[in-house]
Amino acid sequence: MRYLFLFNWRFYRYLTVCTMGALRRLVSRYKIIEQLPPHLRHLSRRNDLVLEAPERLHISPKSSLGKGVIIGAPGNLPPGDPARLEISEGAFLGTGVELGLAPQSILSIGRDTSMHRGTVVLGNVQIGCNCILSYNIFIASGNHVIGAKAPWLIKDQDENYLQDQPIERVIIGDDVWIGWGVFIKSGVTIGKGAIIGANAVVTRDIEPYAICAGNPAAPLSKRLEFNPHAMLSALLDDDLPYFYSGFRDDQQTLHSSRKQGVIWADCNSQVILSRSPASTLKLSGLVDAHQQASGTITLRVNGLPLPSFNVRTGAFEHTVDVPIEIFSAMPSVPKFLDPFIQVHINYEGLPAFSMGIVEISLG
């Protein structure tokens, strides 16, 4: 009696239906995997994600995407358009977060940044590392066209004149905390370490480490006084704000890196120094002992490139003359950094975070 079902045709029909259903799901999953570029294969099991234009997406396997995350792109982007989206390692996108590319735009989310449910980020937007974005935040780099042909419908003006509008950008520095329901206007730059209170409307640049709130957002106080020095040391906590971007400056990593006397730098990093009379720039650092290779470092001071130099495994020290032109007023974005010296440090030939800085100074 126990095995009578083996002689029942309904059992075999049910078994066939189940087998065919499993096979169809397997084929469907295989097709999805085949459609994804190799660098996105780690997302092939995610049925809940909406990923458009996957060839333009660069999502770290070490990032975390919540349920129902939407990453969209216009369907008419030409092959030569540089538009792309980058999500770095350790980034967290909560349930229902929406990211949208736009023509000629780069949307990037930095290492260990988190954003939560209902947040929408559209267009040419750069969000730094270790940022905390709350719920229901809206950030967009674009605007509608309303003045090209004022009597026309706005949608008609967009269709005919939007491509002629300048491409603006929203830049959010490292270590920024943005509260619930904040709106950030196109073209705005928010400096490192700033805090934006809940329901604020950000219509202008925010200085580093400012605490702002309101509509429009206005400064209420400061986390600290942003006052760079002429020399920065990896061993001093007071100097950390001026290792401005591209550094492993979390306390866990610093506890380890400072044993070697350094702060690890990404391939593209930036420091801010005081604008003091000087004729030389001195950089001392260390290439990780595990890297049996040489690299090339290029420094740009206030946008002016200095001669490149090579480094190898172990400690290095480099001193270079700086032309007097760097101390003249130079256009920079954002404007609140104009009073200071901006030094960009770029290196090639070595993996990211394999070069550490001991000290950097103008003298």
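The values are calculated or read from the model by the stated rules, or taken from the named source; none is laboratory data. Owing to the predicted nature of the structure, the values given are computational and were not obtained by experimental measurement. Neighbour counts are summed over all protein chains in view; Cβ atoms, including those assigned to glycine, are modelled from backbone coordinates with ideal geometry.
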Just to verify a result, which residue in segment 221-278, among those that are out of contact with any helix residue (DSSP H, G or I) (no Cβ under 9 Å at 6 or more places or on another chain) and aromatic (Phe, Trp, Tyr), is nearest to Ala352 (Cα to Cα)? Phe243
So is Leu254 within 26 Å of the chain's Cα centre (by Cα) and surrounded by 19 or more Cβ atoms within 10 Å (Cβ to Cβ) or not? yes
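What are the residues in segment 40-65 that are part of a loop (DSSP other than H, G, I, E, B), polar (S, T, N, Q) and at pLDDT 85 or above, if any? Outline the logic, then answer.
Of segment 40-65, the ones part of a loop (DSSP other than H, G, I, E, B) are 44-49, 52-53, 60-63.
Narrowing further to those that are polar (S, T, N, Q): 44, 47, 60, 63.
Of everything in segment 40-65, those that are part of a loop (DSSP other than H, G, I, E, B), polar (S, T, N, Q) and at pLDDT 85 or above turn out to be Ser60, Ser63.
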Kindly state which strands (runs of 3 or more DSSP E) lie completely within segment 292-361 and contain at least 3 residues that are among the aliphatic types (A, V, I, L, M) and on the phi < 0 side of the Ramachandran plot. 295-301, 341-348
Filter segment 232-260 down to the residues that are within 20 Å of Asn302 (Cβ to Cβ) and part of a loop (DSSP other than H, G, I, E, B) and list them by number. Phe243, Tyr244
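If you check Pro228 against the conditions, is it under 22 Å from Cys129 (Cβ atoms) and part of a loop (DSSP other than H, G, I, E, B)?
Details: under 22 Å from Cys129 (Cβ atoms): yes; part of a loop (DSSP other than H, G, I, E, B): yes.
The answer is yes for Pro228.
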Yes/no for Gly187 being crowded, with 20+ Cβ neighbours inside 10 Å, within 20 Å of Gly128 (Cα to Cα) and not charged (D, E, K, R): no
Determine if segment 203-212 includes at least one residue that is of a type outside the set (A, V, I, L, M), surrounded by fewer than 16 Cβ atoms within 10 Å (Cβ to Cβ) and in the same structural domain as Gly123 (by TED's automatic domain parsing). yes
